[in-house]
Amino acid sequence: MMDINKAPIMNQPIMKEPKMDQPKIVKPDYKEPLILARNLTKVYKTQKTRLRALAAVDIDIYQGEFVAIVGTSGSGKTTLLSLLAGLERPSAGRIVIMGRGIHRMTEEQLVDFRLRDAGFIFQSFNLFEILTAQENVAFPLMARGVGKQERMERAKELLTRFQLGKHLHHKPGELSGGQQQRVSIARAIIGEPSIIFADEPTGNLDSHNADQIIDILRDISKSRGTTVLMVTHDVERATHADRIIKIEDGRIV
Ligand SMILES: Nc1ncnc2c1ncn2[C@@H]1O[C@H](COP(=O)(O)OP(=O)(O)O)[C@@H](O)[C@H]1O
Ligand SMILES: [Mg+2]
């Protein structure tokens with residue numbers, strides 16, 4: 001495990017276009033897919049019905065890729081993301097992330113995986129309303145045992161990079177949607193996770209802010225080598241990803 005206290009942080013402002021010759025942050029280099037799923041299937045059962053939300057999906061995602069998973073509402077995008085992130089259990093199939101079988105992990109191992117290796121971004125931001133922007137961003141570092149002063153400093157540094165330096169002490173309710181989503185991206189990346197899982201991150205934003213969020217996600221994957229998995233029904237913006245995976249009725253098409 002990398003010592004996150006010594007983890008390198010980007011030295012470029014994140015809102016700028018990444019330079020192609022910018023040195024990549026050195027992370028474990030997986031020639032194998034970073035994320036591999038085979039025959040991934042999810043059936044939701046209720047008392048009367050049985051709904052196959054995901055049907056025998058195979059996926060390979062490599063380190064540093066910015067991948068968009070695109071499909072209409074109800075096609076199974078959130079289900080797929082939840083399974084890959086270890087938030088839900090598959091009904092069948094296997095998921096191997098960085099050599100580890102996610103489908104076979106105990107709850108405790110899954111919690112640890114999500115804490116250390118994953119960052120999450122949601123359509124509705126999911127920030128703590130009672131915490132300030134800075135406290136929200138610093139929050140994931142608490143579980144990682146980083147001391148308060150360093151947590152707050154690193155949160156401030158990231159927020160400043162996201163042009164939110166004047167909003168450190170504002171609570172989510174005092175920020176615009178675009179600002180809140182930048183706070184939640186800062187929170188997702190502060191622990192230097194290997195993978196960012198983003199579910200409709202632009203779904204609640206106007207076009208200008210949506211474009212900015214896509215630029216930031218792209219920059220995170222290119223400058224940090226972080227793998228970014230974004231679910232969206234926005235076909236237009238998905239074209240800014242490295243690769244598009246289309247999903248229809250629980251199948252990749
Ligand atoms: N917890 C659940 N229980 C029962 N059915 C569900 C559950 N979650 C999702 N579904 C169903 O699975 C299908 C895929 O849902 P979802 O993955 O949320 O699609 P998307 O994110 O593409 O809109 C839908 O038909 C949805 O109603
Ligand atoms: Mg969804």
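Nothing in this text is a laboratory measurement; each read-out follows from the coordinates by a stated rule. Owing to the predicted nature of the structure, the values given are computational and were not obtained by experimental measurement. Counting neighbours? That spans all protein chains shown, and the Cβs are built from the backbone with ideal geometry, glycine included.
Some observations on this one:
- Projected area, mean over directions - the range 101-163, Cα convex hull, nm²: 5.6
- Backbone geometry of the range 196-211 corresponds, through the Karplus equation with coefficients 6.51, -1.76 and 1.60 at θ = phi - 60°, to 3J(HN,Hα) couplings of 9, 9, 10, 9, 6, x, 9, x, 9, 10, 6, 4, 4, 5, 4, 4 Hz, x marking Gly and Pro.
- Of the trypsin sites (Lys or Arg not before Pro) found in the range 42-71, the ones in coil according to DSSP and having at most 16 other Cβ atoms within 10 Å of their Cβ are Lys48.
- Taking GluC sites (Glu not before Pro) across the range 128-219, the ones in a DSSP loop with at most 10 further Cβ atoms lying within 10 angstrom of their Cβ are Glu129.
- Tail beyond 33 Å, pair distance distribution of the chain (Cα, percent): 17
- The length gained by stretching the chain between Asp242 and Lys48 to full extension, at 0.36 nm per residue less their Cα-Cα distance, is 65.7 nm.
- Using a simple spin-label model with pseudo-atoms 7 Å out from Cα toward Cβ, Leu115 and Leu87 lie 1.9 nm apart.
- Each label point was placed 7 Å from the Cα along the Cα-to-Cβ direction; for Lys148 and Glu32 their separation is 4.3 nm.
- The chymotrypsin sites (Phe, Trp or Tyr not before Pro) of the range 106-187 that meet both conditions, a loop assignment by DSSP and at most 13 other Cβ atoms within 10 Å of the site Cβ, are Phe128.
- Using a simple spin-label model with pseudo-atoms 7 Å out from Cα toward Cβ, Asp215 and Arg104 lie 4.5 nm apart.
- Span from the the range 211-253 Cα centroid across to the the range 92-153 one, whole angstrom: 20
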